[in-house]
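A quick write-up on the structure given underneath.
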Amino acid sequence: MLWSGWGDPGRATKLAPDVLELLAEALGVTPPTGEPAGFGDVRLPEADLSPFVLASLRSIVGAQSVRTDADARIRHTRGKSTPDLLRMRMGDGSDAPDAVVLPGSHHEVSEVLRVCSAERVAVVPFGGGTSVVGGVTPLREGFAGVVALDVRRLDRLVSVDEESMLAELQPGLRGPQAEELLNARGLTLGHFPQSWEYATLGGFAAARSSGQASAGYGRFDDMVEGLTVATPVGDWELGRAPRSAAGPDLRHVVLGSEGAFGVITSMRLRVRRLPARRNWDAWRFPSFAAGRDAMRVLAQERRLPAVLRLSDETETMIGGGSGCLMVVGWEGGEPPTFPGAGHLGSEPAERWAEGRFGGPYLRDALIAAGATVETLETAAHWSGLPRLYEAVRLALEAALGRVIVMCHVSHLYETGASLYFTVVTAAGDDPLARWEAAKAKASEAIGLAGGTISHHHGVGRDHRAAYAAEIGPVGVGVMRAIKKSLDPMGILNPGVLVP
Ligand SMILES: Cc1cc2nc3c(=O)[nH]c(=O)nc-3n(C[C@H](O)[C@H](O)[C@H](O)COP(=O)(O)OP(=O)(O)OC[C@H]3O[C@@H](n4cnc5c(N)ncnc54)[C@H](O)[C@@H]3O)c2cc1C
């Protein structure tokens, strides 16, 4: 993973001259002055762990699995939001952990937590590091150091129960690794977020991820039947039946816990048979409202295909089309049809499917060209979606002036859907401050319009205040009580999630 951008540096892309011209004309984008920092220019804080802590960690996981070199520290500094990338490009390594610890078993994870609790060392559970909400950027004040606990060595398919259609998988598996292991047995998870190539199963559960095929396969939290968690106060096994009336469902204390309550070391996940074929189809709707109505009807009649995604007019136009493009991916039976919309055939949808993991590379190219591009997302009930859509767009336009705000719907339910916005604007003199001011306005607009601060990116550090407002003082009290009970010394991901 590129330390200051996305993915495989070999797949980096450049913008065509006509795109650069368009950015300059439409948004006033000018090339950045000066070069971004190189790897060797990143300023790291002095490593702060005591020799005793380092020796204890080495005795638990083995000397080669405790890394204090600059390479490991830089690669575990922050996640992959645009502000994260901008800070790295400025050579700001101030959030780097002091060490990266790579445990190889549940027992080793538990032991690392025991030592770090006793020594008051902060621990950041680290999967693919693709968080876009500051989920791997803890506050270090008050701690005797910070370690990133990278779960990449926990990468096994432990077992498959084909009768129940369950697979036990470890959290360090990245999307493609997990699919490969399951596909070999004719099975699939069906979870394909845009970050799929680099994000891990543990991260999907801890941040309640939602993939591009969520219409048919559900969100990741829907797939989790059982969890094994290492906490500073002991091990926790959750989920022993498909459904249970034995009290509240405590799996949901762990799902979305963003590393603040424990480390997920194993998961029992619902799997499906690998479909013989994945088919694509595309439609053009006259308006975003008409497309949304068609989606709502499908969801409410329980006829959703695997993938259903509708772009608004602006997103469709930027992709070279007109009206509002709907992409349909289906795996069996007959695909849905939409009277009143234009049938475009499979080609536009196949093109989308082919390029669907390429977007983050384009973000790097845009940043290099002097633009800021970032995404934000929310969800609401169907009746509230039009107001939410307008409110967020207007807030971004008011804050940023010359800006392109695109939106799509790709996660939908009987009662509502999410809205996913992509924003492109000129970086300006201080891109960080400019974006953060706009994001604050958009978050405020989401709250006022009755949306949730996140449908699938999570809370992290960035959304903590908005989350506190969303759950209210009683909710904040509950979250703090859970934190105190599972992590009494507060070492797990301090500053993340819990208000
Ligand atoms: C370009 C891009 C596209 C994205 N597209 C999507 C998308 O389509 N859908 C979507 O839902 N999200 C998306 N995301 C957000 C992100 O990929 C998801 O939140 C993903 O679930 C994070 O997984 P990860 O393995 O990278 O976790 P990390 O970033 O490493 O961690 C995320 C959080 O989970 C915690 N954590 C990680 N592993 C564990 C564990 N084993 N136990 C306990 N806590 C743990 C961390 O401490 C952190 O708080 C995207 C991000 C980027 C950069």
### Task
Report the residue count in the stretch 29-81 for those that are assigned to a loop (DSSP other than H, G, I, E, B) and surrounded by fewer than 14 Cβ atoms within 10 Å (Cβ to Cβ).
9
### Task
Determine whether the stretch 304-323 contains at least one residue that is more than 16 Å from the ligand (Cβ to nearest atom) and touching a Lys or Arg at 6+ places or on another chain (Cβ under 6 Å).
yes
### Query
Does Leu169 meet the test of being buried (at least 22 other Cβ atoms within 10 Å of the Cβ), at pLDDT 95 or above and in contact with a Pro (Cβ under 8 Å, 6 or more places away or on another chain)?
no
### Query
Name the strands (runs of 3 or more DSSP E) wholly within the stretch 333-447 that hold at least 1 residues that are closer than 27 Å to Glu301 by Cα and charged (D, E, K, R)?
371-381
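With the condition kept exactly as written, say whether any residue in the stretch 108-125 is within 12 Å of the ligand (Cβ to nearest atom), part of a strand (DSSP E or B) and under 23 Å from Trp6 (Cα atoms). Quick ask: steps written out before the conclusion?
Initial filter on the stretch 108-125 (within 12 Å of the ligand (Cβ to nearest atom)): 109, 113, 122-125.
Still in the list and also part of a strand (DSSP E or B): 122-125.
Retained after the next criterion (residues that are under 23 Å from Trp6 (Cα atoms)): 124-125.
Yes, that holds for at least one residue.
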### Query
Can you name every residue in the stretch 46-101 that is within 14 Å of the ligand (Cβ to nearest atom) and more than 30 Å from Gly370 (Cβ to Cβ)?
Pro97, Val100, Val101
### Query
Scanning for something crowded, with 19+ Cβ neighbours inside 10 Å and β-branched (Val, Ile, Thr), does the stretch 156-164 turn up at least one residue?
no
### Query
How about the stretch 199-269: which helices (runs of 4 or more DSSP H) wholly inside it have at least 1 residues that are more than 13 Å from the ligand (Cβ to nearest atom) and under 22 Å from the mean Cα position of the chain (by Cα)?
214-217, 251-254
### Task
Please work out if Val263 is among the hydrophobic types (A, V, I, L, M, F, W, C), surrounded by fewer than 23 Cβ atoms within 10 Å (Cβ to Cβ) and in contact with a helix residue (DSSP H, G or I) (Cβ under 8 Å, 6 or more places away or on another chain).
no
### Query
Looking at (1) surrounded by fewer than 23 Cβ atoms within 10 Å (Cβ to Cβ); (2) touching a strand residue (DSSP E or B) at 6+ places or on another chain (Cβ under 8 Å); (3) of a type outside the set (Lys, Arg); (4) not in a helix (DSSP H, G or I), which is the only condition Gly104 fails?
(2)
### Task
Would you be able to say whether some residue in the stretch 369-378 is more than 23 Å from His456 (Cα to Cα), in contact (Cβ under 8 Å) with a residue 12 or more places away in the chain and touching a strand residue (DSSP E or B) at 6+ places or on another chain (Cβ under 9 Å)?
yes
### Task
Would you mind telling me which numbered condition in (1) near the ligand (Cβ under 9 Å from one of its atoms); (2) part of a strand (DSSP E or B) Ser195 fails?
(2)
### Query
Which of the following residues is modelled with pLDDT of 95 or more and buried (at least 24 other Cβ atoms within 10 Å of the Cβ): Gly203, Gly239, Gly247?
Gly203
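The values are calculated or read from the model by the stated rules, or taken from the named source; none is laboratory data. Please read all numbers here as calculations on a predicted model, not as lab measurements. Here the Cβ is made from the backbone with ideal geometry for all residues, glycine too, and neighbour counts use every protein chain on show.
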